[in-house]
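This report refers to the structure that appears directly beneath it.
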Number of protein chains: 2
Amino acid sequence: MADATPAARLVPEEGRVGSGTVPTTVEGDLPDGLLEAFDAYERALAADDQAALAAAFESTATVMRADAGGLLVGHDAITAFRGRRGSGPVRRVVECHVRVVDADTALVVSVNAAASGGRGVVTQLWRRESGAGSRGARPWRIASAQVQASPPAIDRRVWRVVGEPLVPGSRAGDATGTAPPALSGETVAVKDLFAVAGHAIGAGVPARLAGATPESRHAAAVQHLLDAGADLRGIAQTDEFAYSIAGRNSAYGTPPNPAVPGAISGGSTSGPAAAVALGQASIGLGTDTGGSLRVPASYQGLWGLRTTHGAVDRAGLLPLAPSFDTVGWLTRDVDTLRRAAEASLPPADQVSVESSYVVDPALLSPVMPEVRAEFGRAVDEATAAGRMRRPEQVVLGDVAQLFELFRVLQAFEAWQSDGGWITSHPGELAPDVASRFAFGATISPRRAEEARVALGHERRRLESLLDGRVLLLPSASSAAPPLGATPAEVDAVRSATLGLTCVAGVLGAPAVSAPVLEVPLASGRSAPVGLCLVGPRGADLFLLDLAATWAT
Amino acid sequence: MADATPAARLVPEEGRVGSGTVPTTVEGDLPDGLLEAFDAYERALAADDQAALAAAFESTATVMRADAGGLLVGHDAITAFRGRRGSGPVRRVVECHVRVVDADTALVVSVNAAASGGRGVVTQLWRRESGAGSRGARPWRIASAQVQASPPAIDRRVWRVVGEPLVPGSRAGDATGTAPPALSGETVAVKDLFAVAGHAIGAGVPARLAGATPESRHAAAVQHLLDAGADLRGIAQTDEFAYSIAGRNSAYGTPPNPAVPGAISGGSTSGPAAAVALGQASIGLGTDTGGSLRVPASYQGLWGLRTTHGAVDRAGLLPLAPSFDTVGWLTRDVDTLRRAAEASLPPADQVSVESSYVVDPALLSPVMPEVRAEFGRAVDEATAAGRMRRPEQVVLGDVAQLFELFRVLQAFEAWQSDGGWITSHPGELAPDVASRFAFGATISPRRAEEARVALGHERRRLESLLDGRVLLLPSASSAAPPLGATPAEVDAVRSATLGLTCVAGVLGAPAVSAPVLEVPLASGRSAPVGLCLVGPRGADLFLLDLAATWAT
């Protein structure tokens, strides 16, 4: 603290926002108009003047803005972000440090005090617009900005409760007492569908949480991880009643997707996925009914395992559609995923199978072209490298029909699970989730039973067709859609993706999503898509070992 | 997301850290040596090469580095930070955007993937060193950097548990049903000494937490706030067993002080103070035995009220020294503080007094000169402005002797409170806290009783001397000391401050710390110091109203 900044002077605390900022320190000759532009920007923020804010940034494809959500490149991306955010922070500049580069370029680093408490820091590179005309007529604009806001206590988009730790794992080693527990040092984000002793289950719906009583014991899947030495970091968000694959909770917001700034997280295991991708937990404990683990894994570049239906005890898990509900995990690396699975799956139930792959080209038809191309490239490359034999082609048949049967039985069971609560709490759910439950309410027990019988036939037919082999397909039909996607766009992506993911759902089969594919975005950056391996029932650990050979 | 960045190219994922970075986008002609300097910096980070990291920044008093902890100005401040932090993050650059200003200046914005998950963004202004010599011999250095790391799930320096909310407050309005609850919309950071139902009390000591059982009901002081409609945001950190005024917990770290980046938080109500200053809660619920609310309020520019001894029921509060322990609150504004106090203090116990002030110049002798000067200035200004009559001078007598009596009885009682646990858990406390308890263990019941009797005499003598008037003094002897202060420096500040704060402790009197004083730092920036008003017992609300007249 022995620094001695010359010419330091604090802006008067009583100064109006964006009015006559006095620089705290200046290096170089302060160019005309710079501070006026700086002040005008702060005024535009205070007034939530979207047009002025947009105009303050250079209108180029290379202009940049970064914050805790990541880096946005290009004026369109920044404007879209601002539109989503709504009004900006109410803040007052308390320090302003100017580093003049030349008469037309300066770096301004400012410290602000937020009206809601805490301090922020903003670094801006300002440039005078080039071109003809007198200097005075050339406005100052921001070429690049990095914004540090005072962080919240808890990111409510990701978490409902967090602790240091929330629940400590077992510190007892293995039977010999020599090795530490298998999951020692790991931290778990528990999807808010599992019982955590002392906490109520919220299921992503605040009104449900308010009426729920604290659980008296941990869910079986939670206890497995604690017994293996993992700490619970916290209870993480889910789509409402887990009935979505988007991750857009209407009460808590959409968790960030650090792999694709400005894109949705995927769900319904949305909070655990974001927590793991952000490095805030090392294991996400979630569920997968129709894709709720594989989709966020795919969108965020994570490893994910949906286990064989019934392989992990669902005691203490709030059901959505019990005929399809499975337990699983998300991690950043396959080794951690394997240890979580080993700690949770009874070894006696596990089977081993031959490692030959099949693909169904027809499955890929609703998939986005860039995903199809990347999937083909990955398969070709693995074949050419001798990592596997070229997959045989199979014809799974009418997947649209399969999905329809799945959709009907899922909706019927979902209404059995949650219809009572929903009926007595109108207006508490997002429109898309509510409409799916409403569909469930229309399904007669007879229609559900018919779907159940037909699905049984389909399952046996597919099992016979796959014959113990591993089905390779993309985990999702596209990379993560942008946050600004319209409901129609999200719905189209949803349908195409569920056409892929429902296969494992119908089979009750294990499925691994491996972060192997990478597709280009319009921005020139790229985004992850998962490679999905669907194996025979009971081959969870075998499938993980097979998927691990895809890790690079 | 319709931006179209030209020339975008991702750095190969398998690239070694800091090796041959390929820019994702470039504007202008890439100057010689820039990317090599950028890579060398990343290598120095990976190797934790402190000398190389220090050399990468310009060696000036105006060089800057900002992160979530705030802005540091000057090479010394940045180097001190790096020394405190220890080894930096393990990260891999995944995008690198270069904006060339001229042949000797460029902005580099990079995105990195942390080995521990999540992504970070770094904005750096690089400049070639000026001066004679060939261009090649002039190294590139960083003039300014802003670093965004992927945030943790929970800031363990501030919080132990956080929720959205952790416990919801009452939604019932007042008796008429027309007004919302008085603390509706407020969020509380509860010091980890108060019972929160379902959670164990940790008292800032992880080993104590591990052995504690969850509380079955809320502490009375917690319940008061919930009944008035405030939500509990979480359980916040405290110095170990609350036996310190520094805020430096050896297990959880030192909470940030957003008002003075690089300085300690003050304690023992350290976590609630930081939570409120950061805007992560609006009310900090804490305790004050010898200054544990007033000191963090002073260091962080907050409003704080230590209540009359016994005025708020201490049921459910872990005791430190019951003869002195009081309950109180920290807030960013006096109105919120008043509402918290009103919700918690039985109105029948409150008294009103005449509003005349006294000062004791002798009290100010151990105070830092800049605090003494600023205190004098504030008193003069308020007098000159007619906001009060000039305070009468009083002579409180030998405050060092008063503090010694206080210190003895406090240590004796602290050992009664926690000695059993400490004896059976050796080595769990920080040396300074442990030494205070060790002192407590040496005090005989007879010596303690003598101190108690002498303190009773002193209390009556002081009450008679003050005669219902309000004592004005600084809340602390200095601004917040830097994190790098030596134990001897911290101890000197502690002794000087406790000489001020123990007066209210001995009196069992209410004391308000108002964020009114501002003292200059060597860096040219400034730091807050509280103005303290000590009033007669039972005059808590009156004192708050009086203090509010100092708010600007």
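Remarks
- Take every DSSP beta bridge whose two residues both sit in the protein assembly as shown; close to 75 percent of them are antiparallel.
- Potential extension, B:Ser444-B:Glu36 segment - 0.36 nm per residue separation minus Cα distance: 140.1 nm
- Helix-only mean residue ellipticity at 222 nm for the protein assembly as shown, each DSSP H run of n ≥ 4 adding -39500 (n - 2.57), per residue, nearest 500: -10000 deg cm²/dmol
- Shown here for the range B:349-403: trypsin sites (Lys or Arg not before Pro) in loop regions (DSSP other than H, G, I, E, B) with at most 14 other Cβ atoms within 10 Å, namely B:Arg387, B:Arg389.
- For the range B:444-508 and the range A:265-334, distance of Cα centres in Å: 56
- Loop-located trypsin sites (Lys or Arg not before Pro) in the range B:303-369 (DSSP state other than H, G, I, E, B) with a sparse environment of at most 10 neighbouring Cβ atoms within 10 Å are absent.
- Here the range A:165-289 carries DSSP beta bridges of which approximately 25% are antiparallel, counting only pairs with both residues inside.
- Distance histogram for the range A:381-479 (every C-alpha pair counted, 10 angstrom bins, percent rounded to whole numbers): 13, 31, 27, 18, 10, 2
- Using the Cα coordinates of the range B:313-452, the gyration tensor eigenvalues translate into equivalent-ellipsoid semi-axes of 35, 23, 16 Å, sorted from longest to shortest.
- With the label put 7 angstrom out from Cα along the Cα-to-Cβ vector, A:Pro347 ends up 7.0 nm from the copy partners, going from closest to farthest.
- Cα point-scatterer Debye curve for the range A:71-211, base-10 log of I(q)/I(0) at q = 0.09 Å⁻¹: -0.57
- For the range B:160-259, trypsin sites (Lys or Arg not before Pro) are listed when DSSP marks them as loop and at most 13 other Cβ atoms sit within 10 Å of their Cβ; the list is B:Arg171, B:Arg217.
- Cα-derived Rg over Rh, computed across the range B:159-318 with Rh taken as Kirkwood radius: 0.97
- Summary for A:Arg447: label point 7 Å along Cα→Cβ; distances to the equivalent points in the other copies, ascending, 8.4 nm.
- Pairwise alpha-carbon distances in the range B:77-144 exceed 15 Å for 65% of all pairs.
- As a ratio to 2.2 N^0.38 Å, the alpha-carbon radius of gyration computed for the range A:232-317 takes the value 1.00.
- Theoretical gain in end-to-end length, A:Arg459 to A:Arg85 [0.36 nm per residue, Cα-Cα removed]: 130.1 nm
- Longest DSSP-loop-exposure-free segment, GluC sites (Glu not before Pro), chain A, at most 16 other Cβ within 10 Å: A:130-353
- Two-decimal Rg to Rh for the range A:433-552 - Kirkwood Rh, Cα set: 1.04
- Shielding by partners - mean other protein chain Cβ count within 10 Å, residues of A:71-79: 5
- Volume in Å³ per residue [convex hull over Cα atoms, computed for chain A]: 189
- Compared with the dominant principal axis of the Cα atoms in chain B, helix B:75-85 is inclined by about 70°.
- Size check on the range A:25-148: the Cα extents along the three principal axes, sorted descending, read 39, 32, 24 Å.
- For the range B:159-548, the dipole from Cβ point charges (+1 on Lys and Arg, -1 on Asp and Glu) about the Cα centre works out to 160 debye, to the nearest 20.
- Placing a label point 7 Å from the Cα of A:Gly131 along the Cα-to-Cβ direction, the distances to the matching points in the other copies come to 4.2 nm, shortest first.
- With both residues required to sit in chain B, DSSP beta bridges show an antiparallel share near 75%.
- Expected-Rg normalisation [2.2 N^0.38 Å, Cα atoms] applied to the range A:433-493: 1.63
- Inverse of mean 1/r across different Cα pairs in the protein assembly as shown, Kirkwood, Å: 31.3
- Angle in degrees between helix A:487-507 and the longest Cα principal axis of chain A, rounded to the nearest 10: 30
Values in this text are rule-based calculations from the coordinates and carry no lab data. Everything quoted here is computed from the prediction, not taken from an experiment. Using ideal geometry, Cβ is built from the backbone for each residue, glycine included, and neighbour counts are taken over all protein chains shown.
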